[in-house]
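Below: the structure, in structure tokens.
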Amino acid sequence: MPPRRIRTDSRWLTFHAFFVFAFLYLPILVLIVYSFNGQGVGGFPPRNLTLDWYRTLFADGAIWDSVLNSLLVAFAAMLISLALGIPAALALDRAQFPGKALFRRLVLLPLILPGIITGLSLLMLFRQADMKLSLATIVLGHGTALISVATTEVFAGLQKLDRAQEEASLDLGATYWQTFWRITVPNLRLSIIGAALLIFTLSMDEIAVSFFLIGRDNTLPLEIWGRLRRGITPEINAISTIIFLFSIIAIVLWYRLRTRTDGRTEIAAELVESKA
Amino acid sequence: MFSRAYRAAITIPPLAWVALFLLTPYALMFCYSFWSVSPDQNVVHQWNLANYSELAGKSVYHETLLRSMWIAARVTFFALALAYPLAYYLSFRAGTRKELFYQLVIIPLWVSYLVRAYAWKTILGSDGVLNTLLQYVHVTKHPLEFLLYSPFAVVLTLTHIYTPFAFLPIYASLEHIPRNLIEASQDLGASPAQTFWRVILPLSIPGVLAGATFAFVLSLGDFLAPVLLGGPSGIMISNIVVSLFGAAYNWPLGAAISLCMLLLVVSLLFLAERLEKKWSFS
């Protein structure tokens, strides 16, 4: 093939990639820059750089209450999703029961369904059961919607799991319960940690389901939503910038963890191959 | 190798949970859509088709649904147009920078949806970053008003949010194409364009379908971006549902619209799955 043709192709593709990255990062950059802007949100160029908005933010009790609520909700939702998602993945992997195909579809549906449908249908359930809306109803909503994430992640992990280890454990007299905790879970730990991190961050950011299930206490996204409707201040930029930094740290940590362990399994796989 | 008790222990709890918190709520939504509201604003459990005949009869519902689908279609188109070449570049041309670029696409997913929509609002507003920049460099004298509170702003923001969602499955499908198929195509004398159109593109269709479904379905059901950025001309179908469950207080009618959305989404998923099977490489 003519080399010149490839170069033009590549140049066009590189330019396109650059454009997409600019499009993806421009708003984030603007957000961060204007968190230091003394003149408020908007206005070019940014003027009177200041840390005032961060000071306002740290003195703002309502925001930190909502952060605490969000952390609580995310943690509880994570426990529920894992407690049901891990068995759900095991069931899809190794049990036969009537309606299995329907069950799989139902579990995964909230992953793709607009949040409004999940939120409203649960709202009707809680109304019918005369349950008061509170952080607990949000936890149930997030927990239910995010079982999908735990199930997909753990199911993917199960496909790579060597079943002989579980078999050996059972043959050597361990109970199912012991085998589950000592063999199955440690082998799946990467998928489980991955799912837990993902569920936690998704729950922290979730708004469409929470929107309908909220009681008196706000989660962080709903607190921000309420403020956006009253008018915008760089305080929102400041809290967003802080969350963004924490997200980056979480990604880097997760990525390091994964490459380290993946590297190890790859080396092990190579050793096995070279011996065979 | 697994005993009955073990299989029951892993099956029954998730099954019961899903029945209680997913199946029952959808069934309730179905029931509600056939109930009605009395003048003193109580839900009356009287089975009738009034909600559906209202939906069929009033043009405001059709127009809003069509507008939402049109917005979602544009978002899907732009998200694919941005994501596909990027995924192609990463998979075939980025070389050693592949991992870094992949991470760079993922990172915006970790920035809150709401925060990104808000960032666009601060960029597009009449005294926002873009308008003041344009006046600062003397391109315009007055702020461009069409930027914010328009379907344009909603499409732009949702495209921004769903491009990484469209990217992921496309990239995965491109990465799974066996590289020797591409070599074979080149060895047999195909030009790069022929290799792309006849080998790479058909093999990546399942990824494109998955990405398109994500972008279309999630933007179709969005109700936050329209409130923040859409203005009166950017109202979408979910905004009507939100008002019916809030101030307008007509849950049964809202449930009927939600159920229609649910059916629309499920049939789209079904269609996408059928098409994916047809195109998948085995």
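Out of all the residues in segment A:157-175, is one or more under 21 Å from residue A:89 (Cβ atoms) and under 17 Å from the mean Cα position of the chain (by Cα)? No: segment A:157-175 contains no residue that is under 21 Å from residue A:89 (Cβ atoms) and under 17 Å from the mean Cα position of the chain (by Cα).
Based on this model, can you work out whether residue A:149 counts as more than 10 Å from chain B (Cβ to nearest Cβ) and either part of a loop (DSSP other than H, G, I, E, B) or within 30 Å of residue B:45 (Cα to Cα) (or both)? Here the answer is no, as residue A:149 does not meet what is asked. The single condition among (1) under 21 Å from the mean Cα position of the chain (by Cα); (2) farther than 22 Å from residue A:227 by Cα that residue A:69 does not meet is (2). Selection of helices (runs of 4 or more DSSP H) fully inside segment B:1-75 by the criterion of at least 2 residues being touching a residue at least 60 places away in the same chain (Cβ under 8 Å) and closer than 18 Å to residue B:248 by Cβ returns B:24-32, B:50-57.
The condition of being surrounded by fewer than 15 Cβ atoms within 10 Å (Cβ to Cβ) and of a type in the set (Lys, Arg) holds for only one of A:94, A:47, that being A:47. Before we move on, is residue B:60 of a type in the set (A, V, I, L, M) and more than 14 Å from chain A (Cβ to nearest Cβ)? Spelling it out, residue B:60 is indeed of a type in the set (A, V, I, L, M) and more than 14 Å from chain A (Cβ to nearest Cβ). Within segment B:114-143, the set of residues being within 8 Å of chain A (Cβ to nearest Cβ) and either charged (D, E, K, R) or touching a residue at least 60 places away in the same chain (Cβ under 8 Å) (or both) comprises B:114, B:116, B:118, B:120, B:121, B:127. From the list B:224, B:229, B:264, the one residue that fits, being modelled with pLDDT of 90 or more, buried (at least 18 other Cβ atoms within 10 Å of the Cβ) and closer than 20 Å to residue B:69 by Cβ, is B:224.
Could you check how many residues of segment A:25-84 are hydroxyl-bearing (Ser, Thr, Tyr) and without any contact (Cβ under 8 Å) to a residue 40 or more places away in the chain? Lay out the reasoning, then the answer.
Step one: filter segment A:25-84 for residues hydroxyl-bearing (Ser, Thr, Tyr), giving A:25, A:34-35, A:50, A:54, A:56, A:66, A:70, A:81.
Filter once more, so that each one left must be without any contact (Cβ under 8 Å) to a residue 40 or more places away in the chain: A:25, A:50.
So the answer is 2.
Close contacts from segment A:180-200, counting a first residue that is under 15 Å from residue A:166 (Cβ atoms) and a second that is of a type in the set (Gly, Ala, Ser) and assigned to a helix (DSSP H, G or I), with Cβ to Cβ under 8 Å and a gap of 6+ residues or different chains, come to A:182/A:169; A:183/A:169; A:187/A:157; A:188/A:157. The one condition from (1) surrounded by fewer than 21 Cβ atoms within 10 Å (Cβ to Cβ); (2) closer than 27 Å to residue B:156 by Cβ; (3) of a type outside the set (S, T, N, Q); (4) in contact with a Lys or Arg (Cβ under 9 Å, 6 or more places away or on another chain) that residue B:192 does not meet is (2). Checked against the criterion of being at the interface with chain B (Cβ under 9 Å from one of its Cβ atoms), over 30 Å from residue B:11 (Cβ atoms), among the aliphatic types (A, V, I, L, M) and part of a helix (DSSP H, G or I), the candidates A:30, A:67 yield just one match: A:30. Scan segment B:198-208 and tell me whether some residue there is among the aliphatic types (A, V, I, L, M), at pLDDT below 90 and surrounded by fewer than 16 Cβ atoms within 10 Å (Cβ to Cβ). No, every residue in segment B:198-208 fails to be among the aliphatic types (A, V, I, L, M), at pLDDT below 90 and surrounded by fewer than 16 Cβ atoms within 10 Å (Cβ to Cβ). Residues in segment B:144-155 that are surrounded by fewer than 22 Cβ atoms within 10 Å (Cβ to Cβ) and touching a residue at least 60 places away in the same chain (Cβ under 8 Å): B:149, B:150, B:151.
I need the full set of residues from segment A:180-239 which are outside any helix (DSSP H, G or I) and within 23 Å of residue A:67 (Cβ to Cβ), in order please.
Taking segment A:180-239 and keeping what is outside any helix (DSSP H, G or I), we get A:188, A:206-207, A:214-219, A:231-233.
Those that are outside any helix (DSSP H, G or I) and within 23 Å of residue A:67 (Cβ to Cβ): A:206, A:207, A:214, A:215, A:216, A:217, A:218, A:219, A:231, A:232, A:233.
Looking across segment A:176-191 at every residue that is crowded, with 20+ Cβ neighbours inside 10 Å and within 22 Å of the chain's Cα centre (by Cα), the one that is farthest from residue A:133 (Cα to Cα) is identified as A:188.
The values are calculated or read from the model by the stated rules, or taken from the named source; none is laboratory data. Model, not experiment: these values are computed from the prediction. We place every Cβ from the backbone using ideal geometry, glycine too, and count neighbours over all the protein chains shown.
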